[in-house]
């Protein structure tokens, strides 16, 4: 795995942890923000592959 992909994977993992926390505290606005960010990251990663 190259360094950029590994860094992106860590960011995605961090955002998934944040999403989990947002769900636990029932903050729907925060959940939507995190999901939007994750979608952008995954689309960007898919373009590089």
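We did not get these values from a lab; they are worked out from the coordinates using the rules stated. Quick caveat: nothing in here was measured; it's all calculated off a predicted structure. For neighbour counting, all protein chains shown are included, and Cβ atoms are generated from backbone atoms with ideal geometry for every residue, glycine included.
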Pull out all pairs, ordered by first then second residue, where Cβ-Cβ is under 9 Å, the residues are six or more apart or on different chains, the first lies in region 21-39 and is in contact (Cβ under 8 Å) with a residue 24 or more places away in the chain, and the second is part of a helix (DSSP H, G or I) and surrounded by 13 or more Cβ atoms within 10 Å (Cβ to Cβ). 38/12; 38/15; 38/19
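Restricting to region 33-49, count the residues that are assigned to a helix (DSSP H, G or I) and in contact with a helix residue (DSSP H, G or I) (Cβ under 9 Å, 6 or more places away or on another chain).
In the first step, residues of region 33-49 are kept if they are assigned to a helix (DSSP H, G or I); the result is 33-48.
The next check asks that each one be in contact with a helix residue (DSSP H, G or I) (Cβ under 9 Å, 6 or more places away or on another chain); those that pass are 33-35, 37-38, 41-42, 44-45, 48.
Summing the residues that are assigned to a helix (DSSP H, G or I) and in contact with a helix residue (DSSP H, G or I) (Cβ under 9 Å, 6 or more places away or on another chain) in region 33-49 gives 10.
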